[in-house]
Amino acid sequence: KLNPTQDVLFIRAYTKFDPGYYVSGGSNHNGLRVSAGSVITGQAPPADGTGFFLTSIQNNVEGNALSGEVEPGYSHIYAYWPKQRMQYGDHWYPDGLVKPGGAGLWLLYPAQYPDFAPMPNWEPKLGVWYCYELMLKANTIGKNDGEVAWWIDGQLKGRIPDLFLRSIDSLKIDFAALRLHAISNTTRVNKKWYDNVVIATQYIGPMASASPTPSPTPTAPAQL
């Protein structure tokens, strides 16, 4: 829980999936979550922007695998927001695809999302440490300038701009979490590691060393 609440938030963590990680079908939410308001999973927030919003960077094969996709799946954003397509939220990919439904609003209505630029899909290798960083920016009231962006090892891998997330200023980012949750037919024990977590109000970036040893996280600017 974040106090004070924020209009923009960054969360960075080093993560690693175990070498045999495998989730067969069903829900698999893993990674970094940032949200605002009283989130009700399985229920779409009000379309007028007075409810809640959530973004989570995760890896999973959602439904049918995309071209070239293997375990643990392409990195993408799992989102609850006022314009979502189904009650259980949207899955946003950096190339503009949204599951369910195909092309995202940023591809269907480019005039409304002029700052969107598609980027290639990317997925991590199992058993390897990566530095993940997620940024969520709430829109200014009356404007569609909300934004989600994510970096892997300091390189921008996806950005969804020009978003409408809220219509009231009291709805601010108030929660951040590490996630590992799955409903699956898989019987093996799946593991994922997290290390060197930082939450801040500006970009953090990778540590000076390439991967955790583990060791204490260096002091980052504007930590909460």
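The values are calculated or read from the model by the stated rules, or taken from the named source; none is laboratory data. No experiment lies behind these values; they were computed from the predicted model shown. A quick note on method: Cβ atoms are made from the backbone with ideal geometry, for glycine too, and the neighbour counts reach across all protein chains shown. Areas reflect the complete protein model, heavy atoms only, side chains present, ligands, DNA and RNA absent. Shrake-Rupley method; radii C 1.70, N 1.55, O 1.52, S 1.80 Å.
Could you report the accessible area of residue 16 in Å², rounded to 10, computed with a 1.4 Å probe on the protein chains as they sit in the structure?
Taking all protein chains as shown, residue 16 has close to 50 Å².
What does the charge count around residue 5 come to, taking other residues whose C-beta lies under 14 Å from its C-beta (Lys +1, Arg +1, Asp -1, Glu -1)?
+1
Enumerate the residues in segment 162-184 having an amide nitrogen under 19 Å from the point lying 7 Å beyond the Cα of residue 85 toward its Cβ.
Once the point is set 7 Å along Cα→Cβ of residue 85, 162-165 turn out to lie under 19 Å by backbone N, inside segment 162-184.
Report the number of Lys pairs in the chain whose alpha-carbons are under 12 Å apart, with separation of 8 or more residues or on distinct chains.
Pairs that pass both the separation and distance tests number 5.
Just the accessible area per residue of segment 64-140, please: how many Å² with a 1.4 Å probe?
Using a 1.4 Å probe on heavy atoms only, each residue of segment 64-140 averages 42 Å².
Summarise the accessible area of the chain (1.4 Å probe, protein heavy atoms) by the percent that is carbon and sulfur.
54 percent
If you build a Gaussian network model of the chain, linking Cα atoms that sit under 10 Å apart, which residue out of 111, 47, 208 swings the most?
208
Would you compute, from DSSP H runs of 4+ residues alone, the mean residue ellipticity of the chain at 222 nm, taking -39500 (n - 2.57) per run and dividing by the full residue count, rounded to the nearest 500?
Values: 1 runs with 4 residues, N = 224.
Estimated from H runs of four or more residues: -500 deg cm²/dmol.
Set the Förster radius R0 to 45 Å, insert the Cβ-Cβ distance between residue 48 and residue 197 as r into 1/(1 + (r/R0)^6), and round the FRET efficiency to 0.05. Intermediate values should be presented prior to the final figure.
On the way: r = 34 Å, r/R0 = 0.75.
Between residue 48 and residue 197 the formula returns 0.85.
For segment 4-48 and segment 100-142, what is the separation of their C-alpha centers, rounded to whole Å?
Rounded to whole Å, the Cα centres lie 14 Å apart.
Classify segment 95-196 as rounded, prolate or oblate from the Cα gyration tensor: take a ≥ b ≥ c as the square roots of its eigenvalues, call it rounded if a/c is under 1.5, otherwise prolate when a/b beats b/c and oblate if not.
On the way: a/c = 1.87, a/b = 1.55, b/c = 1.21.
It is prolate, given that a/c is not under 1.5 and a/b is the larger ratio.
Only Cα pairs under 8 Å and at least 6 apart count here; give the relative contact order of segment 1-132 as a rounded whole percent.
26 percent
Which entry in (1) -0.42, -0.62, -0.74; (2) -0.63, -0.73, -0.80; (3) -0.61, -0.82, -0.92 is this structure's computed log10 I(q)/I(0) by the Debye sum over Cα atoms at q = 0.10, 0.12, 0.13 Å⁻¹?
Step by step, log10 I(q)/I(0) by the Debye sum over Cα atoms at q = 0.10, 0.12, 0.13 Å⁻¹ for this structure corresponds to label (1).
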